[in-house]
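Each remark here refers to the structure printed beneath this line.
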Amino acid sequence: MTTLVAVQDVAKDFPLKGGGNYLALKGIDLEIRKGEFVSLIGHSGCGKSTLLNMIAGLDRPTGGTVLLEGESVKRPGPDKMVVFQNYSLLPWLTVRENIALAVDEVMPDLARSERDAVVEEHIAMVGLAHAAEKPPLQLSGGMRQRVAIARALAIKPKLLLLDEPFGALDALTRGNLQEKLMQICNEHELTAVMVTHDVDEAVLLSDRIVMLTNGPGSKIGGILEVDIPRPRQRLTVVHHPSYYSLRSEIIYFLNRQKRVKQWQAKPHKVLARHGLEKVNLDLGFIPLAACAPMAVAEAKGLFAKHGLDGVQLVRETSWRGITDGLLDGTLDAALMPSGMPTWMTAGGHGGEPTPVVTALTLSRNGNGITLASRLAEQGVRSVADYRDYLLRTNREPHTLGIVHPASMHNVLLRYWLASNAIDPDRDVHLQTLPPAQMLADLKDGSIDGYCVGEPWNVRAERERHGFPIVGDLEIWSGHPGKVLGAREDWALAYPNTHIALTKALLEACRYCADPAHWNELSLLLSDRRYLGMKPELIRFGVAAGCCDDTEAAPHTLFFGPGVNRPSRSEHLWILTQLARWSEIPFPRNYVEILERVCSVGVYSTAARELGFDDVSYQRGGIALFDGVPFNADDPIGYLNQLSIHKDFSIAEIPIGVPAPITNAAS
Amino acid sequence: MSTVTSSGFNVAQWWKRSRKTILPPLLGIGGFLLFWQLSASLGFTKLSGPLSLWTEERTRELLLYPFFDRGGLDKGLFLHTMSSLSRVAMGYTLAAVVGIGVGIAVGLNQALNRAFDPLFQFLRMVAPLAWVPIALVMFQQNQPAAIFVIFITSIWPILINTAEGVRQIPQDYRNVALVLQMSRKRFFTKILIPSALPYIFTGLRISIGLAWLAIIAAEIVMPGTPGIGFFIWDANQNGYVSDIVLGVIWIGAIGLILDRLMAWLQTRIATGR
């Protein structure tokens, strides 16, 4: 397919009334192929209509160029016809006259009768023959928009530009018109660009969805390919496997933009008090039982006790929100899966390798693998049954949910599958989902099972949608769960704050570890600010009758000898696993990375100052259920000896020299 | 459009429906006339009461025979009115043509607007009567001077409204013209005029009232030509008080009719949209 429109490094600024400029868009690069339907989506004020107007030629970019078929767009013209949001029909003309006006203007060489035929054809195309003689004001909004579309199509534009075409319509009319537009676009192989803020509309109509970030200086935040085959039907599209992931991708993007906007709206001066470099912290977490130390530190005033009297807990819905929050600086530090510090340091998030440090392991265990109840009905009781089941039904897709590529869930689930001779990339499909969505997906059958932290395993079992196939204690008892993570440059800029934060959370961990407090914790976490669910579903011990041999032991470990100290060998093991599944290349400079990721010094200082000297010593070695020994001195040899793995690579990860953030950038 | 019930006209029902709209104005006008008549009969004022229009022979004759023409300036009221109206027609037409033309130019051109708007705003504040001496000096003759006074009084609402109408053409309509690459001429006839028409008509309607006001002023000050203004002036000179009252009522009625006429035209234009 050839390129029809090329938007090259386009920028647009508007002069402001009080002097100065408002930079609406910058650095926009976009190629639109012939026959493609592209949507522009973003929050209001992100400049998506401005971009459309520049493609239309109604507005001129202040930087860069817009090319249509290789020629620079300098002024509007009928070859790039616009369907405006408010229809822009001339009220003193009838429907027919409105369309005829355009046809007469654009095709003056045709004979009268031919032009009339074009007009009638397009009136009929949008099904308005009965209303041809009516003035637009006598028509409903949907009918008016059909007239506007007919007028646009009648002049045979190369490019159809739609500015929130269905924004002002009721849901039913909108649905009908979307189908009509899709049908017309398919039949005439139109190239179209549509501005919308309706996520479903974008997914339904588009081949590609361009997501714009917030202004000022909006840019393209991401482009999604919609791989749903055409012709599409409203009602069937929603059942396509990609539909919900595309939808949630866009919604995640829009929510992220909203959060950044809210964050920018507040003042963010660094407040230094009590001998700490920064006391106003935004700490990210996601609603899981393992966020208990954070909730406790907040509720019990432990942050304030250690001088951090401006701490805000920010609830994200997915780990991705945590990653992005750390990257764009809206979060100071966060609860994160134990694999995330090394994963981000190695550039696993797809951007520049961003060194992230962890000074504290907040929890261990607390995870489990749940399979759907319908598998139990088919006789799946053990992992061997599951392997047989997969072989038996190998034609069907088998999807398992994980929360994040860098989470222990992904690593443990893959390890468990691979050790049981199930290839996690060939025999099943692993899909990243927000924890809170797992249960819903399990219920409606779109996934077979998941590996996730509590309370989602307990809930699935209680509500009889799933059953536990294996607990994490049976895979690796005492594996690291969640850690405290912060960017290295942040930690270097605010070293005393980092220690104070570690102290506050370590003290909270000790509180959480006491079984006498568990009921109180359940009640605390059931609050809407944290998990927002019934307290009896939030458990820290093992449910009776699940795993007999471990019933007496607390499931989630928050505190104890060797529990909280960041362990280099554990992070190395995680690195080998992330490399094993090609999430990241195995870093040749792994020693340097581990040295920088594990802030053992900060932990030791914090523990010593709290008087917890007894918890500082090293834990025992890494012992997984299959008994394969892990030699921390030869990680590559260990990797090679594992039977199932992807083609991993080994590379030097450039992480620069450690440097604190400058205050100007914060 | 709802259908009208065809099964006979029911007076009682009609009354019930329109009582609220008809009764108050009837009461108001009736009360006013009664008060006026009483105060005249009881001698509170020298002004003759409304009944005198009929009881006095001169005015009764004028009422009954509006078309008589005894030559010179001794004409019936209708003929006086017609000559006034013809003057209004000339001045008003001129004002409409110039006002709409200049209004469009000013509306389209920001610089022109900036240049002339203060002048327009200033001139529009000058009362019709104040123009009379200037007009007489300029034209040295009553007829063109009177037409000029009408013109200069009634042009401003037309001009200002037209300019506003042009400025208010929605950006959407302009965009349509831009995208279709309409020629200037087609933009004018297909978009600018139809879009600004309601504004232009508002201006025209306001102006017709002003034009009518101005003609009376002009004729009263410039006697010697037939016209309703002259009629009142003449009656005043001769002390025919009820003639003056009749003239005033006549002027009011004609003004009302002119205004209604424009209003009707306006709705006709508006419903075509």
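The values are calculated or read from the model by the stated rules, or taken from the named source; none is laboratory data. Note that the structure is predicted; figures quoted are calculated from it, not measured. A quick note on method: Cβ atoms are made from the backbone with ideal geometry, for glycine too, and the neighbour counts reach across all protein chains shown. Just so you know, the surface numbers come from the protein's heavy atoms only, side chains and all, with ligands and any DNA or RNA stripped out. Shrake-Rupley method; radii C 1.70, N 1.55, O 1.52, S 1.80 Å.
For this structure, a couple of remarks:
- Averaged over peptide A:96-109, the number of partner chain Cβ atoms lying within 10 Å of each residue's Cβ comes to 2.
- Accessible-area composition of chain B, carbon plus sulfur, in percent [1.4 Å probe]: 68 percent
- Toward the positive end of the charge dipole of chain B, with +1 on the Cβ of Lys and Arg and -1 on the Cβ of Asp and Glu, the farthest Cα among B:I191, B:V149, B:G107 is that of B:I191.
- Within the stretch B:9-46, trypsin sites (Lys or Arg not before Pro) in DSSP loop having at most 12 other beta-carbon neighbours inside 10 Å: B:K46
- Across B:V149, B:V245, B:V126, mean-square fluctuation computed from a Gaussian network of chain B (C-alpha pairs under 10 Å connected) peaks at B:V126.
- Dipole of the protein assembly as shown, positive end: most advanced residue of A:L93, B:I22, A:P287 [Cβ charges, Cα centre]: B:I22
- Under 15 Å of direct C-alpha separation, and excluding same-chain neighbours fewer than eight residues apart, B:K190 reaches these aspartates and glutamates: A:E97, A:D104, A:E105, B:D172.
- Measuring nothing but how far apart in sequence close Cα pairs (under 8 Å, 6+ apart) lie, relative to its length, the stretch A:80-194 scores a relative contact order of 38 percent.
- Those aspartates and glutamates that a straight Cα-Cα span of less than 17 Å connects to A:K534, excepting residues fewer than 8 apart in one chain: A:E454, A:E461, A:E463, A:E520
- Part-to-part distance (alpha-carbon centres) for the stretch A:285-320 and the stretch A:105-161, which is given in Å: 59 Å
- Listed residues A:V83, B:L51, A:A154: farthest to the positive end of the dipole of the protein assembly as shown (Cβ charges): B:L51
- To put it simply, the accessible area of the stretch A:381-478 at a 1.4 Å probe is 44 percent carbon and sulfur.
- Highest GNM mean-square fluctuation among B:A12, B:A218, B:A163, for chain B modelled with Cα contacts below 10 Å: B:A12.
- Beyond 24 Å in Cα-Cα separation lie the following of the pairs A:K74/A:K158; A:K269/A:K305; A:K134/B:K20: A:K134/B:K20.
- Rounded to the nearest 10 degrees, the angle from helix B:77-108 to the longest Cα principal axis of chain B is 20 degrees.
- Separation of alpha-carbon centers, the stretch A:418-465 and the stretch B:59-123, rounded to whole Å: 86 Å
- 222 nm mean residue ellipticity, helices alone, for chain A (DSSP H n ≥ 4; -39,500 (n - 2.57); rounded to 500): -11000 deg cm²/dmol
- Under the criterion of Cα pairs below 8 Å and six or more residues apart, the relative contact order for chain A equals 13 percent.
- Tilt relative to chain A, helix A:95-106 - C-alpha long axis, 0 to 90 degrees, to 10: 80 degrees
- A:L160 long-range amide H proximity, modeled H, under 5 Å: A:T191, A:A192, A:V193
- Pairs with C-alpha atoms separated by more than 31 Å, drawn from the list A:K34/A:K258; A:K443/A:K482; A:K12/A:K266; A:K261/A:K646, are A:K34/A:K258; A:K261/A:K646.
- For chain A, the longest principal axis of the alpha carbon atoms and the long axis of helix A:568-580 meet at an angle near 40°.
- Proximal charge balance of A:R96 [Cβ under 10 Å; K/R count +1, D/E count -1]: -3
- Positive minus negative residues near B:F68 (Lys, Arg vs Asp, Glu; Cβ under 9 Å): -1
- Highest-MSF residue in chain B out of B:R205, B:R58, B:R174 [GNM, Cα springs under 10 Å]: B:R174
- Surrounding net charge for A:R580, when Lys and Arg each add one and Asp and Glu each subtract one, Cβ distance under 15 Å: -3
- A:L362 long-range amide H proximity, modeled H, under 5 Å: A:K482, A:V483, A:L484
- Where B meets A: accessible area buried, both sides, 1.4 Å probe, Å²: 1800 Å²
- Placing +1 on the Cβ of every Lys and Arg and -1 on the Cβ of every Asp and Glu, with no other charges, gives the stretch A:270-420 a dipole of roughly 480 debye about its Cα centre.
- Percent antiparallel among DSSP beta bridges (both partners in the protein assembly as shown, rounded to 5): 55 percent
- Length gained when the stretch A:I650-A:R608 is fully extended (0.36 nm per residue, less Cα-Cα span): 11.3 nm
- Normalised by the number of residues in the stretch A:325-398, the mean separation of alpha-carbon contacts (under 8 Å, six or more apart) gives a relative contact order of 14 percent.
- Each helix, a run of at least 4 DSSP H residues, gives -39500 (n - 2.57); summed and divided by the residues of chain B, these come to -26000 deg cm²/dmol at 222 nm.
- Taken about its Cα centre, chain A carries a charge dipole of about 1380 debye when Lys and Arg each add +1 at the Cβ and Asp and Glu each add -1 at the Cβ.
- With R₀ set to 30 Å, the beta-carbon distance separating B:L64 from B:L261 gives a calculated FRET efficiency near 0.75.
- Annotation: per residue accessible area for the protein assembly as shown equals 45 Å², rounded to a whole number [probe 1.4 Å, protein chains only].
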